[in-house]
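S.K.: Dropping a structure here in structure tokens format, bear with me for questions.
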Amino acid sequence: MPGSEYTIEVSAAIQDLAGNRPADATNWSFRTQIPQLVATSPTADALDAAGDGRITATFDTPILSSILATADAATVFAQNEAVLLRDEPIFDAESNTLVIQLADGFKPGTRYDVLLNGLLGGLLRAGGEGDFSWQFQTPVPILITTSPEGEVDATVSETIEATFSSRIDAELLSAETVQVTREGKAQIPTDL
């Protein structure tokens, strides 16, 4: 098992074929390598994380994958609130990569904190360095173009467009968050 200490004791009662025995028991111990986190996606401290909510953590050696069945094996927080994972995290032993998929993907302009139980690295990791963790942020969408834009004699069809630098949170689009006025009177937008 990764990140573990083993002690072996050979009893003095063991003898060879001639009946010879050691004077005392023989002891020795060793430790297995503690897995280290070598790469993450999105990368640690990224301010422009994109994607569909897939998070990966790559280790230099295999982890204690039986821990993945526990509820606290991997926790992802968005703005300090735990988010729902689509499935139990999956460990690919061939690449030593842990894959976590958020149920609802990434939200724009949001800080994410990823916390992996230290026991994934064995008892020595859990009792020493503790949990694995990193954070990243998705970009804040910036309005880059509008149509029509600043025109005096604009021909307004039924469509007014706004283009953003990155994906916006569609759940926040509503008549309350997008306001259109014509000659000072509120117009109710449709098809947001």
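The values are calculated or read from the model by the stated rules, or taken from the named source; none is laboratory data. Keep in mind that this is a model prediction, so the values were computed, not measured. Glycine gets a Cβ as well: all are built from the backbone with ideal geometry, and neighbour counts include every protein chain shown.
Here's the yes/no breakdown for (1) assigned to a strand (DSSP E or B); (2) outside the structural domain of residue 167 (by TED's automatic domain parsing); (3) over 13 Å from the mean Cα position of the chain (by Cα); (4) at positive phi:
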residue: 66; (1), (2), (3), (4): no, yes, yes, no
residue: 71; (1), (2), (3), (4): no, yes, yes, no
residue: 88; (1), (2), (3), (4): no, yes, no, no
residue: 95; (1), (2), (3), (4): no, yes, yes, no
residue: 98; (1), (2), (3), (4): yes, yes, no, no
residue: 107; (1), (2), (3), (4): no, yes, yes, no
residue: 113; (1), (2), (3), (4): yes, yes, no, no
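Conditions (1) modelled with pLDDT of 90 or more; (2) in contact with a strand residue (DSSP E or B) (Cβ under 7 Å, 6 or more places away or on another chain); (3) exposed (fewer than 12 other Cβ atoms within 10 Å of the Cβ), marked per residue:
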{"position": "78", "(1), (2), (3)": "yes, yes, no"}
{"position": "86", "(1), (2), (3)": "yes, yes, no"}
{"position": "90", "(1), (2), (3)": "yes, yes, no"}
{"position": "109", "(1), (2), (3)": "yes, no, no"}
{"position": "136", "(1), (2), (3)": "yes, yes, no"}
{"position": "146", "(1), (2), (3)": "no, yes, yes"}
{"position": "149", "(1), (2), (3)": "no, no, yes"}
{"position": "153", "(1), (2), (3)": "no, no, yes"}
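S.K.: In this structure, is residue 98 surrounded by 15 or more Cβ atoms within 10 Å (Cβ to Cβ), in contact (Cβ under 8 Å) with a residue 40 or more places away in the chain and not acidic (Asp, Glu)? Spell out how you get there, then give the answer.
M.R.: Numbers: surrounded by 15 or more Cβ atoms within 10 Å (Cβ to Cβ): yes; in contact (Cβ under 8 Å) with a residue 40 or more places away in the chain: yes; not acidic (Asp, Glu): yes.
Yes: the conditions hold for residue 98.
S.K.: Could you list all residues from segment 35-55 that are surrounded by fewer than 17 Cβ atoms within 10 Å (Cβ to Cβ), in contact (Cβ under 8 Å) with a residue 24 or more places away in the chain and within 17 Å of residue 101 (Cβ to Cβ)?
M.R.: Initial filter on segment 35-55 (surrounded by fewer than 17 Cβ atoms within 10 Å (Cβ to Cβ)): 36, 38-39, 41, 43-45, 47-48, 50-52, 54.
Add one more test, that the residue is in contact (Cβ under 8 Å) with a residue 24 or more places away in the chain, and what stays is 36, 43-45, 47-48, 50-52, 54.
Hits for segment 35-55 are 50, 51, 52, 54.
S.K.: Of the residues 154, 162, 175, which is without any contact (Cβ under 8 Å) to a residue 12 or more places away in the chain and outside the structural domain of residue 62 (by TED's automatic domain parsing)?
M.R.: Numbers: 162 fails: without any contact (Cβ under 8 Å) to a residue 12 or more places away in the chain; 175 fails: without any contact (Cβ under 8 Å) to a residue 12 or more places away in the chain.
So the residue among 154, 162, 175 that is without any contact (Cβ under 8 Å) to a residue 12 or more places away in the chain and outside the structural domain of residue 62 (by TED's automatic domain parsing) is 154.
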